[in-house]
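Colleague: Got a structure for you, written out below as structure tokens; questions coming shortly.
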Amino acid sequence: MTAFLFDGILDMNNSAPLFSIVVPAYDEERYLPRCLDAIHRSIAQLGEDVEIIVVDNESHDGTVAVAREHGARVVTETAKNLSCIRNRGAQAARGHYLVFVDADSYMSSAMLTEIRRVIDSGRYVGGGVLDVRPDRWSLGIFMHAVILGLAFLLFWRRLSVCLFYTTREAFEAVGGFNESLYAVEDIDFAHRLWRHGREKGLRYKNLVTAHLVTSTRKFDEYGDWMAFRHPGKVFRALRNDRAAAHDFWYRRRR
């Protein structure tokens, strides 16, 4: 895990934005406009100062141009590791609150308002979002959602995907995302954030009053029954097998 130092130009002062939204991006020219447009709608509803940081992972398409056209600040991370990419964005962030959202997902307009309400209550360390919807449905995708739902029922405090929010202080306290992981780094982060909150008398909150829509591009690529047709590869990826994780998540898309 990474040690975080927020000082110098990143100090907490009156000019710092309320939120920093970190978007990891690798060849996201197709999905990034939808993601950033949704963020801007959520910012408009919030009515506060927000910065958007797109962390470019050496994209080969127009990702960087799209990000800048939508008013985002672009920083670069070369490691093909989502933990490193998200941590790079956090290091560049100036906001009081940190939000991480995937580039192929888009948030509802109420998202930032709800996150602020939850954190400002003083009862929560941060969390994720419960209502994550695919951008299309099929029987195979539905069955994957059922499995994820069962996992949520068993491990609800520690399960979040696609979007996370927390305070700068809590992110630093848990050491950010674990850079030794090539998969399930999101669930690992959620678990450590939940545990840190428990130590501080704070709860982990998965939002139910805002939602996220995420792409089904992996199903488009591997088939709607991919976990059932490739159980070995999925299992190896979830066990942090670098080659399997790279094939699923980091291989250059054609």
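The values are calculated or read from the model by the stated rules, or taken from the named source; none is laboratory data. Because the structure is a prediction, the values reported are computed rather than measured. Don't worry about glycine lacking a Cβ; one is built from the backbone with ideal geometry, like all the others, and counts go over all protein chains shown.
Colleague: Of all residues in the range 17-57, which are under 17 Å from Met111 (Cα atoms), in contact with a Ser or Thr (Cβ under 9 Å, 6 or more places away or on another chain), without any contact (Cβ under 8 Å) to a residue 40 or more places away in the chain and not hydrophobic (A, V, I, L, M, F, W, C)?
Modeller: Residues satisfying the conditions are Gly47, Asp49.
Colleague: Does Ala103 satisfy the condition of being at pLDDT below 95, crowded, with 19+ Cβ neighbours inside 10 Å, among the small types (Gly, Ala, Ser) and within 12 Å of the chain's Cα centre (by Cα)? Spell out the reasoning first.
Modeller: Values: at pLDDT below 95: no; crowded, with 19+ Cβ neighbours inside 10 Å: yes; among the small types (Gly, Ala, Ser): yes; within 12 Å of the chain's Cα centre (by Cα): yes.
It is false that Ala103 is at pLDDT below 95, crowded, with 19+ Cβ neighbours inside 10 Å, among the small types (Gly, Ala, Ser) and within 12 Å of the chain's Cα centre (by Cα).
Colleague: Moving to a separate point now. Could you figure out which of (1) surrounded by 18 or more Cβ atoms within 10 Å (Cβ to Cβ); (2) aliphatic (A, V, I, L, M); (3) in contact with a helix residue (DSSP H, G or I) (Cβ under 7 Å, 6 or more places away or on another chain); (4) farther than 23 Å from Ser109 by Cα isn't true of Val184?
Modeller: (1)
Colleague: OK, next. With the requirement that a residue be under 30 Å from Glu28 (Cα atoms), among the small types (Gly, Ala, Ser) and out of contact with any helix residue (DSSP H, G or I) (no Cβ under 9 Å at 6 or more places or on another chain), what does the range 193-214 give you?
Modeller: Passing the criteria: none in range.
Colleague: So, Leu46, is that one at negative phi, touching a Leu at 6+ places or on another chain (Cβ under 6 Å), at pLDDT 95 or above and not β-branched (Val, Ile, Thr) or not?
Modeller: It is true that Leu46 is at negative phi, touching a Leu at 6+ places or on another chain (Cβ under 6 Å), at pLDDT 95 or above and not β-branched (Val, Ile, Thr).
Colleague: Kindly indicate which of Ile119, Ile141, Ile85, Ile147 is surrounded by 18 or more Cβ atoms within 10 Å (Cβ to Cβ), touching a residue at least 40 places away in the same chain (Cβ under 8 Å) and within 30 Å of Arg229 (Cα to Cα). Working first, answer last.
Modeller: Values: Ile119 fails: within 30 Å of Arg229 (Cα to Cα); Ile141 fails: surrounded by 18 or more Cβ atoms within 10 Å (Cβ to Cβ); Ile147 fails: surrounded by 18 or more Cβ atoms within 10 Å (Cβ to Cβ).
Being surrounded by 18 or more Cβ atoms within 10 Å (Cβ to Cβ), touching a residue at least 40 places away in the same chain (Cβ under 8 Å) and within 30 Å of Arg229 (Cα to Cα) holds for just one of Ile119, Ile141, Ile85, Ile147, which is Ile85.
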